[in-house]
Amino acid sequence: MQEWKPTACMLCENNCGIEAKISDDGQSIAKIRGDNLHPASQGYVCQKASRIDFYQNGIDRIKQPLKRTTSGSYEEISWDTAITEIAEKFVAVKNSFGGDKVFYYGGGGQGNHLPASYGMSTISALGGRYRSNALAQEKTGEGWVSASMFGAYAQRGDFENCDVAVFLGKNPWHSHGLQRSRVTLREIAKDPKRTLVVFDPRVSETAEIANIHVRVKPGGDAWALAALIAIMLQENLEKSDWIKEHVSDFEEIRDIFGQLNIDKYCVWAGVDQEQMRQLAKVLFASDKIAWFEDLGVQMSRNSTLVSYLHRLCWLVTGSFGKKGSQYIPNTMRPLMGSNPSLAKRSPVAGAPLLGGMVPCNVIAEEILSDHPERYRAMLIESANPAHSLADTKSFVKAMAALELTVVIDVAMTETARNADYVLPAKTQYEKAEATFFNFEHPANYFQLRQPILEPPSDANVLSEAEIHARLVEAIGEMPAEVAELKEIMRSDGLLALTKAFTQFGRDNPMLNRLAPVALYRVMENILPSGSETAATLLPVTLFVAQNEPACLERAGISGHDTEEIAVSLFNRIIASPHGFVYSIDAEHSSWDRVRTGSGLINATIPVLLPELHALSDGPNELTSEQFPFILSAGERRPYTANTILRGKDWRKKDAEGALRISPEDASDLGLDSGDYRILTTASGSVSVVVEISTRMARGHISLPNGFGLDSATGKDSFKRAGIATNELTAAADRDFLAGTPRHKQVPANLSQAF
Ligand code: SF4
């Protein structure tokens, strides 16, 4: 067997550093261990990491460019034919309808973030404006609230140093989201001086070890948080001096919560008022509180409002900008924009583009309209929206209504099976790759993973960088400066190239928009072999060097000017396969990143105040005689991994993804674990296998995420593993502002199997 090679697990956003041993035939990842040299994960891995060869050698791997025939099947075509035809068809759409009718979806996933920049080059070459990805069905509401209050998109909690850890709709035992999460959770739970708090309707693995488990009703989070804030303000348990020093417009908030009826709100939230009062005292007594909200509240009723109430909790408890509390990390590259303006809207539905993205739930609706501004073509990359977005049938119908659909991926996904062209990409272990999920503090890290495997000999695959460079060339938009920049790089090196690139970009803004593919062409055959796809990081390093030179200098990265610092950072990236610390924050760094103009945190978000007031009407009843259960569609479990791993063989248990139901409900229905029932929602019906689980409350049932993928078993035959939950969800069931789906509370019924 070959030597251990550093890389990372790509099955969740933590991207733990791992070392992999490649089999003797060079075709598979035979062994995995945690990488002790990785600066963030430090050797930590969970049980999923050992399964990554099910991605590398996945059952649905695409190995040739494919074109759909008139019969609906696919024929293999050459790369030249594929690139020429796709470029011609995109240009035809641009000429007929406008370049802004070409929509870009995806470009990411859990470990594959460099392709998005290359994909945006193709979209820019066509004049495209609209894009989206999975963040726009999860995090855009939270990002917009952050931007409105702090002027910055990303905030995280310092769980290593906190005294109180609060998780809202999050089970980090399985969904992680903080480095070495199980170690950190155990440390907090076991320490008598520290308190672990979980808001969750389920007795999740994290709730099980929590000191305080607020077992809120499904969908009751807004009332629970509002009641908590009201208790703290009405009982003078807020950090008033801190608020005076750091917060603007707090008096309006004090007035609203001063009049709030705590009794009623606790009843509506389904929480014990005494427990909430106890929690308020715990929070008041602590100066180090770290918070984390996740999909349990973001894919829920009042999603954006809950993100706002969550942040009001920070203000009341003084949980920002100090050790053990919330911070704004120095990210290498922001995952979404931080402009809180609602002026930019999608062209048909008029949905606000929070973080610059069209809400996932309106994409199909916009395509299927007869509006003249509707999208006409779509480029989809490293994403499976036909499976992962609400209302699968509508999305598939929308794809069929477009003039052109192109999918770039490693696997023949449910989305690829509905595309006009399918282009096969290298896997994340066959090229240099990275993620921008680096949110650590005070020391933040970055890892460029080097390729550890060659593609299979029968795979005619390319990196996304090469695919998009060819597409931009075929469209006729590769910047003319490439030849000159290449010569400068060859003769004078990287620093001269960086200075020339900066200068040329000032004269030709299109060079900046197409920088990823242009620099890829400039640096190919010059960067160390295998690192070519890292070319897109040069503008990223310039951005960080310009904005955060002091943080870089504390990490030992310096230079006489911005370009020199950027080159120093870029060289460190290339030379650090285990990852490295590139940025170290000072005590005030988070405050320096508050970009509200005044430097104070905005307590009020006028757009959300009517929603806040409307809570006093109480919640709408979600259940009915027809649908007596609340289904959480998409629960993280020990063997779920979005749709990155296909088939069921990678799972060591729960191969079908059982429907969890409480013992009380099971008893009422005469159910045993292993029984089959028909699960029905307003959108569809499926047959499910049942698992009786004490984690569930009466009336609440759950299905895991990432199941229901169709793997090919023959030319036109497929085998499905588990339930595709989005056959049960409705795109119209979404947040009023962010458009995020309410997957966690789908009214449902269970009936006898056919
Ligand atoms: S799935 Fe587990 S090993 Fe992989 S990145 Fe996430 S926490 Fe780390």
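Numbers at a glance
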item: Positions within the stretch 420-452 being in a loop (DSSP other than H, G, I, E, B) and touching a helix residue (DSSP H, G or I) at 6+ places or on another chain (Cβ under 7 Å), in sequence order; result: T427, Y429, K431, A432, A434, L448
item: Matching residues in the stretch 16-36 - criterion: being more than 9 Å from the ligand (Cβ to nearest atom), in a loop (DSSP other than H, G, I, E, B), under 22 Å from I573 (Cα atoms) and open to solvent by less than 50 Å² (accessible area, probe 1.4 Å); result: D35
item: F54 away from the ligand (no atom under 14 Å from the Cβ) and more than 19 Å from A474 (Cβ to Cβ); result: no
item: Qualifying position, being surrounded by fewer than 24 Cβ atoms within 10 Å (Cβ to Cβ), closer than 23 Å to S124 by Cα and not hydroxyl-bearing (S, T, Y), among E373, E381, E365; result: E373
item: Residue in the stretch 637-644 that is within 25 Å of N15 (Cα to Cα) and away from the ligand (no atom under 16 Å from the Cβ) present; result: no
item: Qualifying residue in the stretch 434-451 (condition: without any contact (Cβ under 8 Å) to a residue 24 or more places away in the chain and open to solvent by 30 Å² or more (accessible area, probe 1.4 Å)); result: no
item: Tally of residues being at pLDDT below 95 and either not in a loop (DSSP other than H, G, I, E, B) or not aliphatic (A, V, I, L, M) (or both) across the stretch 598-623; result: 2
item: One residue from E524, E464, E548 being out of contact with any Ser or Thr (no Cβ under 7 Å at 6 or more places or on another chain), in the same structural domain as V567 (by TED's automatic domain parsing) and not aromatic (F, W, Y); result: E524
item: Test: E13 is open to solvent by 30 Å² or more (accessible area, probe 1.4 Å), under 19 Å from R180 (Cβ atoms) and more than 7 Å from the ligand (Cβ to nearest atom); result: yes
item: Count of residues meeting criterion [surrounded by 12 or more Cβ atoms within 10 Å (Cβ to Cβ) and either in contact with a helix residue (DSSP H, G or I) (Cβ under 6 Å, 6 or more places away or on another chain) or within 30 Å of A748 (Cβ to Cβ) (or both)] in the stretch 601-628; result: 17
item: The stretch 166-187: number of residues that are within 10 Å of the ligand (Cβ to nearest atom) and acidic (D, E); result: 0
item: Identity of the residue in the stretch 473-500, part of a loop (DSSP other than H, G, I, E, B) and over 11 Å from M523 (Cα atoms), that ends up most open to solvent (accessible area, probe 1.4 Å); result: A480
item: Scan of the stretch 149-180 for residues that are open to solvent by 20 Å² or more (accessible area, probe 1.4 Å), under 26 Å from P638 (Cβ atoms) and in contact with a helix residue (DSSP H, G or I) (Cβ under 7 Å, 6 or more places away or on another chain), ordered by number; result: E160, W173
item: Checking P115 against (1) surrounded by fewer than 22 Cβ atoms within 10 Å (Cβ to Cβ); (2) under 23 Å from the mean Cα position of the chain (by Cα), the condition it does not meet; result: (1)
item: Unmet criterion (only one of (1) crowded, with 20+ Cβ neighbours inside 10 Å; (2) at pLDDT below 95; (3) under 28 Å from R61 (Cα atoms)) for A469; result: (2)
item: The lone exception for P39 - which of (1) of a type outside the set (D, E); (2) within 16 Å of the ligand (Cβ to nearest atom); (3) in a strand (DSSP E or B) it fails; result: (3)
item: Test: S590 is outside any helix (DSSP H, G or I) and buried (at least 17 other Cβ atoms within 10 Å of the Cβ); result: no
item: Matching residues, the stretch 1-16, being over 19 Å from the mean Cα position of the chain (by Cα) and in contact (Cβ under 8 Å) with a residue 40 or more places away in the chain; result: K5, P6, T7
item: Residue list for the stretch 384-393, filter: open to solvent by less than 30 Å² (accessible area, probe 1.4 Å), in a helix (DSSP H, G or I) and not hydrophobic (A, V, I, L, M, F, W, C); result: P385, H387, T392
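The values are calculated or read from the model by the stated rules, or taken from the named source; none is laboratory data. In this text the structure is predicted, and so the values were computed from the model without any measurement. FYI the Cβ positions are ideal-geometry reconstructions off the backbone, even for glycines, and counts take in every protein chain you see. In case anyone asks, the SASA skips ligands and DNA or RNA and just uses the protein heavy atoms, side chains included. Shrake-Rupley method; radii C 1.70, N 1.55, O 1.52, S 1.80 Å.
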